[in-house]
Amino acid sequence: MLSLPPPPQRQTVTTPLNPIIRQKKPVKPKLLRPIRRTNPAIWICAVLCVIFSIFLILAGIATLVIFLVIKPKHPLFETTSASLNSIYLDSVEYLNCDFTILANFSNPNRKLDVRFEYVDIELYFYDSLIATQSIQPFTQRPGEARLGSVHLISSLVYLPLNLSMQLQKQVQSNSVRYNIRGTFRVRARLGVAHFSYWLYGRCQVEMSSPPNGVLVARSCRTKR
Ligand SMILES: *[C@@H]1O[C@H](CO)[C@@H](O)[C@H](O)[C@H]1NC(C)=O
Ligand SMILES: *[C@@H]1O[C@H](CO)[C@@H](O)[C@H](O)[C@H]1NC(C)=O
């Protein structure tokens, strides 16, 4: 007899479903149109622009506050002393003169540094320019005063006849009056903020006669 092998038994393995898997995830609604994504470069640009604008506004406010609190003053120029070494008139109208001043540049600010970027000093007899001298740029700390000797030499400078007569008269009466005019380019600095402007110094000096003429009187002012 043929014995048939028994039919293969169906294995029924029941694997318990993971309850987490069993929960259905909510299906996201499908978007019909794709979103246009903004270029990240544009975002960075916009953020930078905002930061920069805020920085500018803050810098403006800070500058205003600083200027209201600090109240910047312009530096001063004056003639502390002077010596009139010689005056010699060649053929009446040509002047030779040797004059030295001790100039006092001062920075009255308590917080601001100032720099004299351009310093030019001119000597006048009435309205006639008789000598000129420039000074190397220099910087002044707050409250600093700087004395500098300025040598003004006239060599065969033409003077109109009435002025040369006037000068001879002044020398004889032991009272020579000169005008000193300083032109300065000043730069004030506070941290990174700075500004430049022109400043004008004027001094009228009265000297005794040369040689060894000394300063008898002076009147100075500095204005913008
Ligand atoms: C220079 O000027 C400053 C400010 O006017 C003053 O305080 C100082 O005494 C002056 N120096 C001299 C030597 O005159
Ligand atoms: C000298 O003469 C000129 C004109 O030639 C005149 O303008 C000037 O005021 C005179 N100066 C003095 C000091 O007399």
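Here are the numbers:
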quantity	calculated
Region 39-169, relative contact order in percent, only Cα pairs under 8 angstrom and at least six apart counted	24
Accessible surface of region 85-224, 1.4 Å probe, proportion on carbon and sulfur as whole %	48
16 Å cut-off, amide nitrogen to a point 7 angstrom out along TYR118 Cα→Cβ, residues in region 170-205	182-188, 195-201
Lys, Arg +1 and Asp, Glu -1 on Cβ, resulting dipole of region 76-223 about Cα centre, debye, nearest 20	800
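The values are calculated or read from the model by the stated rules, or taken from the named source; none is laboratory data. Remember, it's a predicted structure, so these values are computed and weren't measured experimentally. Glycine also receives a Cβ, built like all others from the backbone with ideal geometry; neighbour counts cover every protein chain displayed. Quick note on the areas: whole protein, heavy atoms, side chains included, nothing else; ligands and nucleic acids left out. Shrake-Rupley method; radii C 1.70, N 1.55, O 1.52, S 1.80 Å.
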